[in-house]
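S.K.: Take a look at the following structure, please.
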Amino acid sequence: MENKQKIVLTGDRPTGKLHLGHFVGSIQNRVKLQGKVDKSFYMVADIQALTSNADNPTKVRENVLEVVLDNLACGLDPNKTTMFIQSEIPEIAELTVLFLNLVTLARLKRNPTVKDEMKDKGYGEDVPAGFLMHPVSQAADILFCHSNIVPVGEDQKPMIEQTNEIVDDFNRFYGETFSHVKHLVGDTPRLIGIDGNSKMGKSLNNAIYLSDSYEEISKKVMNMYTDPNHIHVNDPGKVEGNVVFTYLDIFDPNKEEITELKKQYKKGGLGDVVIKKRLIEVLEKLVAPIRTKREELAKDKDAVMKILEKGTMHAREIAKETMKQVRMRVQIDYF
Ligand code: ATP
Ligand code: MG
C-alpha cells in the first residue's frame with residue numbers, strides 16, 4: 001500500500017539522559033524534519049526500556065522527563081511534533097501481540113541489533129522474552145500511526161528491516177493495511193564512545209551528555225584515548241582510531257584547520273593536550289545552548305508533563321482508529 005503522506009516517528013528509551021550520539025544520530029534529523037513532513041511523532045519508549053530494566057521501574061520513570069527535556073532543549077517543538085508516552089497507548093501492546101504471530105524465534109535471534117545488545121547486556125540464553133521480542137513491539141510503535149520515515153542511528157537499521165517484513169506478512173495474510181518504512185540515518189550514523197567502543201550508549205558508561213557541564217566535558221575529553229605510542233610531544237602520532245580526532249572530524253566546523261592539525265600530529269610536535277583543549281571548546285559551543293535551555297525548561301516540570309499528556313491523548317485517538325481497521329482485517333471485530 002502506498003502511503004502518500006510523510007509520517008515521521010522516532011523515540012528514545014528512558015534509560016538515561018541523552019548524549020552526543022543521539023544528537024548526531026537522530027535528534028538533528030528529528031528537528032530538521034518536523035514541520036516539513038505531514039506528521040511527526042516522538043515516543044518515550046518506557047515499555048521498551050522495561051524490557052531490560054524490569055527490576056528498576058524507578059530508573060525508567062525518572063528518565064521519562066530527562067529524555068523529553070533533552071529533546072525539547074535541542075529544538076523539538078510540541079506544536080510540530082506529537083510527543084507521547086508508549087505505555088499510555090495500549091493499542092501498541094495489542095498490535096504487538098498480533099505481530100508476534102508473524103515472526104519466528106529464529107528470526108529474532110538473528111536480528112543483528114538484538115544480538116549486539118544481548119552481548120552488551122551479557123544475556124546469553126537467559127534473555128528476558130520481552131527483550132528478545134522488542135523489535136516486534138518496535139514495529140507496532142512505528143505502524144500504529146502509519147509512520148513511514150524513522151530517523152535513527154545506524155544500530156537501528158535491522159529493526160526497520162524487520163518491521164518491513166512484518167508489513168509484508170500482515171498485508172499478505174490480512175489485506176493491504178500498512179506501508180513500507182524507511183530509516184533515515186544522520187550525518188554520523190554511529191558515534192563511537194569516549195572509550196573508543198564502537199557505539200556511545202547511555203547504558204555503556206561512555207557518553208558525553210547533552211546536559212554535561214563544562215567541567216564534566218573537560219574531564220571526559222582529557223581522559224579520552226589518543227595514541228598510546230604518542231608519549232612525548234615530538235613522537236609521531238596516529239590519527240586513525242584516535243578518539244579525539246574522530247570527534248574533531250565530526251564536531252569541529254573548521255575542516256581545513258583539522259587537516260593541518262592531523263598532518264602535524266602525524267609528523268610529531270603536536271601534543272595531546274592541545275587537541276584535547278580544542279575539542280573541549282568545540283563541544284562546549286555545541287552543548288552550552290542546549291544545557292541552558294534545558295535548565296530553563298526543567299524549572300517547570302508540570303508544563304513538560306502537560307505537553308506529554310496532550311500529545312498522548314492525540315496519539316491515542318490515532319491508535320484507536322488503526323486498531324479498528326486492524327481488528328476488521330484480522331476478523332476479530334465481533335461486536
Ligand atoms: P540504551 O543503551 O538504553 O539502548 P542508547 O544510548 O542506545 O540507550 P536509545 O534510546 O536506544 O539510546 O536510542 C535512541 C536513538 O538514538 C536511536 O535511534 C539510536 O539509533 C540513536 N543512537 C543512540 N546512540 C547512538 C550513537 N552512538 N550514534 C548514533 N546514533 C545513536
Ligand atoms: Mg539503544
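S.K.: Which numbered condition trips up A49, out of (1) within 16 Å of ligand 2 (Cβ to nearest atom); (2) open to solvent by 30 Å² or more (accessible area, probe 1.4 Å)?
M.R.: Of everything listed in (1) within 16 Å of ligand 2 (Cβ to nearest atom); (2) open to solvent by 30 Å² or more (accessible area, probe 1.4 Å), A49 misses just condition (2).
S.K.: Now for a separate question. I need a count of the residues in the stretch 141-161 that are within 15 Å of ligand 2 (Cβ to nearest atom) and either part of a helix (DSSP H, G or I) or of a type in the set (A, V, I, L, M) (or both).
M.R.: 10
S.K.: So which residues in the stretch 168-189 are away from ligand 1 (no atom under 13 Å from the Cβ) and of a type in the set (S, T, N, Q)?
M.R.: Those that are away from ligand 1 (no atom under 13 Å from the Cβ) and of a type in the set (S, T, N, Q): N171, T177, S179.
S.K.: Among all residue pairs at least 6 apart or on different chains, which show Cβ distances below 6 Å where the first residue, located in the stretch 281-294, is closer than 9 Å to C74 by Cα and the second is part of a helix (DSSP H, G or I) and of a type outside the set (S, T, Y)?
M.R.: I290/A73; K293/A73; R294/L69; R294/A73
S.K.: Right, here's the next one. If you scan the stretch 199-223, which residues turn out to be away from ligand 2 (no atom under 16 Å from the Cβ), surrounded by fewer than 15 Cβ atoms within 10 Å (Cβ to Cβ) and without any contact (Cβ under 8 Å) to a residue 40 or more places away in the chain?
M.R.: E215, E216, K219, N223
S.K.: Within the stretch 11-35, how many residues turn out to be assigned to a strand (DSSP E or B) and without any contact (Cβ under 8 Å) to a residue 60 or more places away in the chain?
M.R.: 1
S.K.: Which of the residues spanning the stretch 176-198 are open to solvent by 30 Å² or more (accessible area, probe 1.4 Å) and within 30 Å of R327 (Cβ to Cβ)?
M.R.: Answer for the stretch 176-198, where residues must be open to solvent by 30 Å² or more (accessible area, probe 1.4 Å) and within 30 Å of R327 (Cβ to Cβ): E176, H180, K182, H183.
S.K.: Does K80 meet the test of being open to solvent by 60 Å² or more (accessible area, probe 1.4 Å) and touching a helix residue (DSSP H, G or I) at 6+ places or on another chain (Cβ under 7 Å)? Can you show your working first?
M.R.: Numbers: open to solvent by 60 Å² or more (accessible area, probe 1.4 Å): yes; touching a helix residue (DSSP H, G or I) at 6+ places or on another chain (Cβ under 7 Å): no.
No: the conditions fail for K80.
S.K.: Report yes if T246 is modelled with pLDDT of 95 or more, in contact with a strand residue (DSSP E or B) (Cβ under 6 Å, 6 or more places away or on another chain) and among the polar types (S, T, N, Q), otherwise no.
M.R.: no
S.K.: On to the next question. If we scan the stretch 158-171, do we find a residue that is among the charged types (D, E, K, R), open to solvent by 10 Å² or more (accessible area, probe 1.4 Å), in contact with a helix residue (DSSP H, G or I) (Cβ under 9 Å, 6 or more places away or on another chain) and at pLDDT below 95?
M.R.: no
S.K.: Would you call D126 open to solvent by 60 Å² or more (accessible area, probe 1.4 Å) and over 30 Å from F245 (Cβ atoms)?
M.R.: The answer is yes for D126.
S.K.: If you scan the stretch 103-117, which residues turn out to be within 13 Å of P128 (Cα to Cα) and not in a helix (DSSP H, G or I)?
M.R.: none
S.K.: For the stretch 230-298, which helices (runs of 4 or more DSSP H) that fit wholly inside it have 1 or more residues that are open to solvent by 60 Å² or more (accessible area, probe 1.4 Å) and touching a Cys at 6+ places or on another chain (Cβ under 9 Å)?
M.R.: 272-298
S.K.: Would you say I92 is in a helix (DSSP H, G or I), within 14 Å of ligand 1 (Cβ to nearest atom) and surrounded by 21 or more Cβ atoms within 10 Å (Cβ to Cβ)? Reasoning before the result, please.
M.R.: On the way: in a helix (DSSP H, G or I): yes; within 14 Å of ligand 1 (Cβ to nearest atom): no; surrounded by 21 or more Cβ atoms within 10 Å (Cβ to Cβ): yes.
In short, no.
S.K.: Can you find, within the stretch 201-221, the residue that is farthest from V67 (Cα to Cα) among those that are among the acidic types (D, E) and more than 15 Å from ligand 1 (Cβ to nearest atom)?
M.R.: E215
S.K.: Mind counting the residues in the stretch 1-25 that are in contact with a strand residue (DSSP E or B) (Cβ under 7 Å, 6 or more places away or on another chain), within 12 Å of ligand 2 (Cβ to nearest atom) and under 17 Å from F84 (Cβ atoms)?
M.R.: Qualifying residue count, the stretch 1-25: 3.
S.K.: Of the numbered conditions (1) within 11 Å of ligand 1 (Cβ to nearest atom); (2) surrounded by fewer than 16 Cβ atoms within 10 Å (Cβ to Cβ); (3) modelled with pLDDT under 95; (4) not hydrophobic (A, V, I, L, M, F, W, C), G25 fails exactly one; give the number of that condition.
M.R.: (2)
The values are calculated or read from the model by the stated rules, or taken from the named source; none is laboratory data. Everything numeric here is computed off the predicted structure, so don't read it as measured data. Here the Cβ is made from the backbone with ideal geometry for all residues, glycine too, and neighbour counts use every protein chain on show. Remember, those area values only see protein heavy atoms, side chains included, never the ligands or the DNA or RNA. Shrake-Rupley method; radii C 1.70, N 1.55, O 1.52, S 1.80 Å.
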